[in-house]
1. Take 116, 111 and order them by how many other Cβ atoms sit within 10 Å, fewest up front.
2. Near the amide H of residue 80, under 5 Å away, which other amide H atoms are found, from residues 5 or more places off or on another chain, if H is placed in the peptide plane?
3. Could you pull out every residue, at least 5 positions away or on a different chain, whose amide H is within less than 5 Å of the one on residue 319? Hs are placed 1.01 Å off N in the peptide plane, and Pro or chain starts have none.
4. Spelling out what I want: for every residue of region 290-297, take phi, set θ = phi - 60°, compute 6.51 cos²θ - 1.76 cosθ + 1.60 (Karplus), and round to whole Hz; glycine and proline get x.
5. Once you order the gyration tensor axes a ≥ b ≥ c over the Cα atoms, which shape class does region 185-338 get: rounded for a/c under 1.5, otherwise prolate or oblate by comparing a/b with b/c?
6. Whole-Hz Karplus ³J(HN,Hα) for region 323-334, in order, using 6.51 cos²θ - 1.76 cosθ + 1.60 and θ = phi - 60°, x for Gly and Pro?
7. At residue 334 and residue 305, where each label point lies 7 Å from the Cα along Cα→Cβ, what is the point-to-point distance in nanometres?
8. Taking only Cα atoms and a 10 Å spring cutoff, compute GNM fluctuations for the chain and point out the largest among 322, 256, 64.
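The numbers here are math on the coordinates, done by the rules we state, and not lab data. The shown structure was predicted, so the numbers you read here are calculated from the model rather than taken from an experiment. Reconstructed Cβ throughout: ideal geometry from the backbone, glycine too, with neighbour counts over all protein chains shown.
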Amino acid sequence: MLTRKNLIIVMAVLAVLVVLSVLQKARHNEATSRASSEVLLAGEFGRGDLDRIVVGYGGEETVVLTADDPAWLVSSAHGARADHNKIDTLLSTLGGLRGEFRSGSAEVLPDFGFTDSATVSVRGFLGDREIFALELGNKPEGSQGGFVKRPGSSDVFLSQAGVLGNLGLWSGPGQPQSRHFLDLVAYQGVRENIAAIRLEGEQTVGLKREFMMIEPAPDDTVRTEPYPDQQNWEWTLADGTMVQKTKADGIMNAAVNLRAQNVADPAPGLTSYGLEPAARTVTIVMQDGAEAVLHFGDELPAEGDAPGGVFARINDEPTIWVVGTYAVDNLFKTRDELLPE
């Protein structure tokens, strides 16, 4: 049987437990509220709001993107064209970025991947004004997002947005590469506009495209003469010899969608890349007589993460492309290889 003294003690203990429970719940509610409502980068961002994006690693600028109205360039990759889709995806992810609070202690920042040598940063500028800035740490196992924080702050948040992946760092923090932001379409043409292709290398092979002709219908009030069928054609050599259509079409398809793997520094000059004069060229002749010339020079061996290939130049544009050897080989066929089997 409880005595009055014992009852008072029990009541006091219960009161303390109630107070602790209330305080714990309050702290939990505060943390939960903060976790669910923390906005790290307010507003939305678009290419028109910025003129420069800088991606850093360990305090060093590794990727620099600059506006060159209406295009964007990868300044850190010799001023080659940037892929607007990748920039737009990055900016869309950063706009209104939210995160769940994880720590406010500077002592444990390295545990989240924030060190002087390994922190990834991304900043956007308009003139001298910094529009946004974010630092990126480790990527937790099984999460598409990662730990993030504002520069100069010790508060670490877990964001579910895949900012690292938008920088080409799908496996986690590392040194960002300019190549990720390159527009690697070296040349893109329109198949329907091509009238002829000339290959010059060990052999010179000229291909002429002959469209089938369609007789106008009796009730056709627009056409009175036979006109080309844009869906049906044959290929011939310069001397009129028929070639295998699928093989010639393969050359055309490879030429009008020529993708590169990287770019090279144009500073050493065209001669140093075997592009003046070019060892091989592909001349694409359009139906209106306009021409596009694809120049191919020396081969570049692969080294580390940098892919090898063949140095290339389109018309007189300044960019030196590195095109995959396989893609270039698909363009050059000998006369005998093109003849019907």
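1. Lowest to highest Cβ neighbour count: 116, 111.
2. 74
3. none
4. Values, residue by residue: 5, 10, 10, 10, 9, 9, 10, x Hz.
5. Details: a/c = 2.65, a/b = 2.17, b/c = 1.22.
Here region 185-338 falls in the prolate category.
6. 3J(HN,Hα) across region 323-334, in whole Hz: 9, x, 4, 4, 5, 5, 4, 5, 7, 9, 10, 7.
7. 4.1
8. Fluctuation is largest for 256.
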